[in-house]
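Working notes for the structure below.
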Amino acid sequence: MKKHNTAKAKVDTINEPAALYGYQNFDDAGLFHLMEIAKNGISFKLFDNITKKFPFTMQDWADFLHISGKTLSRYQKEDKSFDTLQSEKILQIEILYKRGEDVFGSAKDFLVWLQTENMALGKTKPQDLLGSSFGISLLMDELTRIEHGVLA
């Protein structure tokens, strides 16, 4: 079995954003790097930079991450890092954002799509699916269908 070097250094920022890995064809090194980032936890500062791309409230983010708004506020106040599962969810949403930006040609158009009721998704707003890894996977699949012109 091939061993992969996963550096033990604390990752405070994503030196190589997830989007640089191509999100459609991660290689093993890229996946191990993302796993290491999630394992070490994403800092609130990095999380805050990611949230600025989206029109979501902090309560929306708390809901996506399955924590209370009060807990999220405490993370901010204490500059606390997120646990592995929350960090993975943040990375998944960041990867979805980059994918959507590529498919739609602009962040603005992707964000409009994210907030608009979608027939192909059972009349659900795509943003309503961000609280689940299965939902994020469904959105990635839908972006691929849009990219290839396969509409509902």
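Here are some notes:
- Of LYS53/LYS80; LYS53/LYS89; LYS39/LYS89; LYS45/LYS89, those spanning more than 18 Å from alpha-carbon to alpha-carbon: LYS53/LYS80
- Label sites at ILE67 and ALA120, each approximated as a point 7 angstrom past Cα along Cα to Cβ, lie 3.3 nm apart.
- Per residue, in Å², the accessible surface of the stretch 108-152 once ligands and nucleic acids are set aside, probe 1.4 Å: 60 Å²
- Basic side chains Lys and Arg get +1 at the Cβ, acidic Asp and Glu get -1 at the Cβ, and with that the dipole of the stretch 27-152 about its Cα centre reaches some 460 debye.
- In loop segments of the stretch 108-152 as defined by DSSP, the trypsin sites (Lys or Arg not before Pro) with at most 12 further C-beta atoms inside 10 Å of their C-beta are LYS123.
- Protection proxy ranking of 83-92, 49-58 - average other beta-carbon atoms within 10 Å, highest first: 83-92, 49-58
- Restricting the calculation to Cα atoms, the stretch 57-152 shows an Rg/Rh of 1.01 when the hydrodynamic-style radius is the Kirkwood one.
- With θ taken as phi - 60° and the Karplus curve 6.51 cos²θ - 1.76 cosθ + 1.60 applied, the whole-hertz 3J(HN,Hα) list for the stretch 67-81 is 10, 7, x, 5, 5, 4, 4, 5, 4, 5, 4, 8, 6, 7, 8 Hz, x standing for glycine and proline.
- Amide H contacts of THR124 (H built 1.01 Å from N, in plane; Pro and chain starts excluded): ASN118 sit under 5 Å, all sequence-distant by 5 or more or on other chains.
- Per-selection Rg to Rh, the stretch 87-131 - Cα, Kirkwood hydrodynamic radius: 0.98
The values are calculated or read from the model by the stated rules, or taken from the named source; none is laboratory data. Since the model is a prediction, treat every value here as computed from it, not as a measurement. Ideal geometry is used to build each Cβ from the backbone, glycine not excepted, and the neighbour counts take in all protein chains shown. Protein only, heavy atoms only, side chains kept; ligands, DNA and RNA dropped before computing areas. Shrake-Rupley method; radii C 1.70, N 1.55, O 1.52, S 1.80 Å.
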